[in-house]
Each structure stands twice: as C-alpha cells, then as structure tokens.
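First the structure, in the form of structure tokens, and then the observations on it.
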Amino acid sequence: MSSRPPANDVVEVTVLGPGRGECCVLHTGRGEWLVVDSCVMKDGSPAALAYLRTIGVPASAVRWIVATHWHDDHVRGLADLVEQCSNATVYQSAALCRDEFMRLAAIGNDAMIEGSSGVKEMWTAWTHLADSGRSVPHLVRADQRIYLRDDQRDPSCEIWSLSPSNSSMVEACLKFRSLIPKEREPKRAVPRPKRNPASVVAWVRTGQAIVLLGADLERSSDRERGWQAIVNSAGRPTDKAQLVKIPHHGSENAHDPQMWTELLVSDPYAAVTPFSCGSVRLPKKSDRSRIAELSFGAWLTRDTMLTRTIRRSRTVDKTFREVVRRSELLSVDPGRVTFRCHADNPEEWEVDAPDPAVRLT
Amino acid sequence: MSHSSAAVTPRPKDTAVLEERITPVVKIPSMARKWPAGETYETQLGNACRSETPMPNTLPVVPPKKLPERSRIQPSFVALQKWEGRVLEVGDSTFSAVVEDSVRRGVEEEVEFDLEEIGPDDRNLLKPGAIFYWTIGYRTEPSGERSRSSVLVLRRLPAWNEEGLQRARRLAEELRKRFDW
C-alpha cells in the first residue's frame, strides 16, 4: 500500500516511532502534507522525510510542520526537517515564545554543553528560520483554526489546535523558569521535565475523515488544564475523530476517559509510539490492554517488550554488561503504522503495519 | 595519556641502562673541568649513580636523560571504547543516562548504572543533565598485571556566571525581536 503516494482524495496518517520519539505524517488531500513533531532515522536524518521519499513525495510537498512541544523525543531532527521543507510554515505552542523558554533555549545552546537536546533543536530551527528570511513560527493555542481549505474543490480540509489552554501555558512558564540555571550553578544540559502541560493537540479533518493527534497531553483534574480543558471547551470543533494518535505514548496519566467519549467515535483506530527513559517504559502492559479494549484496532509502531542491543567487541561487551544494569539501543530506524482511507469514507481504513510494528491485543 | 619524566627514581636495573648511556665521555674543551683524583661526585641521578671510582680528568657530558617508559613505572590505561553521556534521572541506587559512542557518532544507547560507579567526590555533580565521559579499556599495573576497567568521569563544566546568563538573555531577546513575538 505505502510504496506510492496516496491519491488526491485519499487521507493518509503515518505514525513513526523509534525506541524513543515520534512523528506523524498526514496527507490532507490534494498532495498537501502535514508533519507533526519529528524523530530521526538511525543515521540521524528526519524520519518524516525518509518516509515520504519512500513513497515518492518530495519535501516541498510539506505545507505545515507542527512542533507540539520541545521535549527531545518530539523534536529530534526538527531543525533539519524545517530546513529541508522550505515550503512549510512552522507552528508551535504559544508557550514557547515566552521569555522564560527562549532564555532556556539560549542557555541550552551554550557551546560547552555537548549533545543534542530539545531546546537546542528548537533554537537551531528558529535561527534557521530567522536567518533564511522564512516566515516566523506561528504560535498556536487552544481552539485555534490553523488552516481552512474550503474552495468548492474536494476534499476540503481544516486543521485545528485544541491546546494548550491559558492555564496550561501559565503552568508551563513556571516550569521553564524553574529550569533556568542560577549564577554559580554548574553548566549542564537542560533536563527534560516529566510533565508536558503546553503540548499542542491537533485536530485534522479532510473531507469526512477526522484525525486526533494527542501529542503528549496529560490528564488533569483541573477543568482548565490537560484533556479536561479540551473536553470542556466551547470553542473547539465538535465532530468526533475516527482515528487517534494516543497521547503520551499510552501512559496512564494521559488517559482521560472523556477524551474517548467526547472527542472520538466509539471503537476508533489508534496508533501508539513507544518511549523509554530510566525506569519508565511506555506503553506498559496495562496501557496496551486498555488501549486495545477501547479501540477497533490499535497498533504500536515498535514493540518495547523487545530489547535491542548493539554489537561490540567481546572484551568491551563483557565489561559493559558488568557495569550496566540495563541498556537499550536508541539509534534504530523507526517503526511505522500507516492508515489510509478515502476522504468520504472514514469508516474503512486500510492499515499497513510492517515489522517491527505490532497490533495491540 | 601524558607521560611525565619528572621526579622519577630509577630502579637499579634502570640505572644500569642510564650508566651505559653516560659513556662514552665526550670531550668539549670549553666545558672541560679538572677534578681532583679520587673525589666522589654525584650526578643528577643521585645516590643511585654515585661513583667511588677516581674522577676522570674531564667531566663527562651527560646526554639528555631518557627515562624508562612510564608504563613500567605507573599504571597505564588503554581505552577500547569511549562514550559521552548525559544523565537523565538519578534514583536511590541507580541513575540512567543516554550515552553516545564517541567514534560512531549518532549511535545512542540508554543505560542504567549503579550509583557506585560515581566516586564520592563526584556525587554532588550527579544531576539530570550532567555530562560525563565513560571509557572501557585495559589497565596495566607497573607489575605488568592487566585488568579490564570501566572509568566514568563527570565533566566539571564551569558554573554559570552573570555574564553568561546575561548573554543568553540578550540572545533570546534579539531573537524575540526578529520574530516580533
């Protein structure tokens, strides 16, 4: 199915996820593509573009890039993606234009701090946009229509951001401030906080097909934050999605039952990407069962239950295993799940989930 | 690894090597000096090279000292593989990190170490975001005994100062203005 580009009236949603990180690639009809977040191939190149190349779609066909939030598992390769997709307009959470975050990004970009990080990736993407004279990143927040194509030619399309809410942005800014180092603190990489209050959830309709991309938004008991803020909003589109990119790698703390009842049709299609960091490995077994139970069909882009290792010399390997309690190779090509349907018939999605993707049961 | 030749006391067999190198005597008229017969003299090598033999008439010109290889005196370390790492989380008894192969750039692994891998002096540096170097290799003792070894060293990056923080603030402000945010 996925060796050629979809027809103009076919909607495609491809979810890519390596050992850690994710990216969604959507065909919104008429050869226009949306890329949400970024992850990389084993060789470090943007996975979205590598996938598009395999189906013969050039980078110039990408019209929109959305960076849902700044965590490194969602923006890895973003700067390259932005640079190569020269026709794309970049969208990002409005929280990221705040002084607190921009200072944090400048700090994280300090020459002495080696290695990649989410803030560094954001800073590099921004400076490229500024230096190349391309349009400024557009800032998005809850209940904002990003794009409307309704010119009598099928299929029509609209793209909405459903978050972050004002309250979530305040929470995010407080977090950014707490991460800014103080005088006399040793330099180190900006650590990734555990919570993602200012994540952008996207709602995309092409013809009759509606897709909900859950980013890393988590549940909150506060009606003005997290999924509750979306569920209770009067300003969002009310049509329910038939396909969902499960939020925050299927974690329990991102599961809001009302997301399933208010924003999705019953038994939707679902895709999940894996995540591992320290003791956290998502989705857990319980998450897998819950998602499978709530969906008509749910796929994980790469099975986290399988440990991946790297080949090294026998001597090194021996010492490695003595010293390290647990290890997992992160530099792997992402797994992929691709869904396609005709824009007017979103009841029947064709699913392509080659190895190492697995269907959740 | 740097090799230093300072303050190394040669062992007897090393001395023999050095003594051999002292000869032959090179006569340089301008530097020649008469020594009283039978006087004991001491070279830079100290007592190990004290001579009880009658002094020659001319002072031997000692060629530049070539001390024995350090590996025969102090432990040496040969790295087999190196990584650069970034701490993700610090727990009660372990910490997790992302390590990147220093040679095959871009090859990353997430690993979990015991806290004991970090020396007590470095524990206060162990925080999320801390950068470290990790090396696996062979350590060779002066006795010739060889063992496999893992060395994890947290980088002591300079602390943020007012100037650095102001610079970051200025860069952020400049970019904000360019974007008109």
TODO: Please enumerate the residues belonging to the range A:220-240 that are within 22 Å of residue A:298 (Cα to Cα) and under 17 Å from the mean Cα position of the chain (by Cα).
DONE: A:227
TODO: May I ask you to list the residues in the range A:66-105 that are of a type in the set (A, V, I, L, M, F, W, C), under 17 Å from residue A:38 (Cα atoms) and surrounded by 24 or more Cβ atoms within 10 Å (Cβ to Cβ)?
DONE: A:66, A:67, A:70, A:75, A:78, A:81, A:82, A:85, A:96
- [ ] Just give me the residues in the range B:71-92 being of a type outside the set (D, E, K, R) and either closer than 22 Å to residue B:131 by Cβ or at the interface with chain A (Cβ under 8 Å from one of its Cβ atoms) (or both), in sequence order.
- [x] B:77, B:79, B:80, B:81, B:83, B:85, B:87, B:88, B:90, B:91
Task: In the range A:306-326, the residues that are open to solvent by 20 Å² or more (accessible area, probe 1.4 Å) and in a strand (DSSP E or B) - done: A:325, A:326
Task: Residues (buried (at least 22 other Cβ atoms within 10 Å of the Cβ) and not hydrophobic (A, V, I, L, M, F, W, C)) located in the range A:258-286 - done: A:268, A:269, A:273, A:274, A:283
Task: Residue list for the range A:329-353, filter: at pLDDT below 95 and touching an Asp or Glu at 6+ places or on another chain (Cβ under 7 Å) - done: A:329, A:330, A:331
Open item on the list: Would you confirm whether or not the range B:142-157 contains a residue that is at the interface with another protein chain (Cβ under 10 Å from one of its Cβ atoms), under 30 Å from residue A:97 (Cα atoms) and buried (at least 18 other Cβ atoms within 10 Å of the Cβ)?
Closed with: no
- [ ] Kindly indicate whether residue A:302 is at pLDDT below 95, basic (Lys, Arg), in a loop (DSSP other than H, G, I, E, B) and under 18 Å from residue B:109 (Cβ atoms).
- [x] yes
Open item on the list: I'd like to verify a number: residues in the range B:93-129 that are under 30 Å from residue A:333 (Cβ atoms), among the basic types (Lys, Arg) and either open to solvent by less than 40 Å² (accessible area, probe 1.4 Å) or within 8 Å of another protein chain (Cβ to nearest Cβ) (or both), how many?
Closed with: 0
TODO: Would you point out the residue of the range A:327-348, among those that are within 18 Å of residue A:73 (Cβ to Cβ), among the hydrophobic types (A, V, I, L, M, F, W, C) and buried (at least 20 other Cβ atoms within 10 Å of the Cβ), that is farthest from the chain's Cα centre (by Cα)?
DONE: A:330
- [ ] Select from the range B:75-92 the residues that are among the acidic types (Asp, Glu) and either closer than 21 Å to residue A:187 by Cα or open to solvent by less than 20 Å² (accessible area, probe 1.4 Å) (or both) and list them in ascending order.
- [x] B:84, B:89
Open item on the list: So, residue A:202, is that one within 14 Å of another protein chain (Cβ to nearest Cβ), at pLDDT 95 or above, open to solvent by less than 60 Å² (accessible area, probe 1.4 Å) and under 18 Å from residue A:90 (Cα atoms) or not?
Closed with: no
TODO: List every residue pair whose Cβ atoms lie under 7 Å apart, where the two residues are 6 or more positions apart in sequence or sit on different chains, the first residue falls within the range A:108-137 and is free of Cβ contacts under 8 Å to residues at least 40 places away in the same chain, and the second residue, located anywhere, is loosely packed, with under 15 Cβ neighbours inside 10 Å.
DONE: A:130/B:178; A:136/B:180
TODO: Just one of (1) away from every other protein chain (no Cβ under 14 Å); (2) buried (at least 17 other Cβ atoms within 10 Å of the Cβ); (3) not polar (S, T, N, Q) trips up residue A:180, so point out which.
DONE: (1)
- [ ] Can you confirm whether the range A:209-222 contains a residue that is on the phi > 0 side of the Ramachandran plot, more than 14 Å from chain B (Cβ to nearest Cβ) and open to solvent by less than 10 Å² (accessible area, probe 1.4 Å)?
- [x] yes
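The values are calculated or read from the model by the stated rules, or taken from the named source; none is laboratory data. This structure is a prediction, so every number in the text was calculated from the model and none was measured. We place every Cβ from the backbone using ideal geometry, glycine too, and count neighbours over all the protein chains shown. Remember, those area values only see protein heavy atoms, side chains included, never the ligands or the DNA or RNA. Shrake-Rupley method; radii C 1.70, N 1.55, O 1.52, S 1.80 Å.
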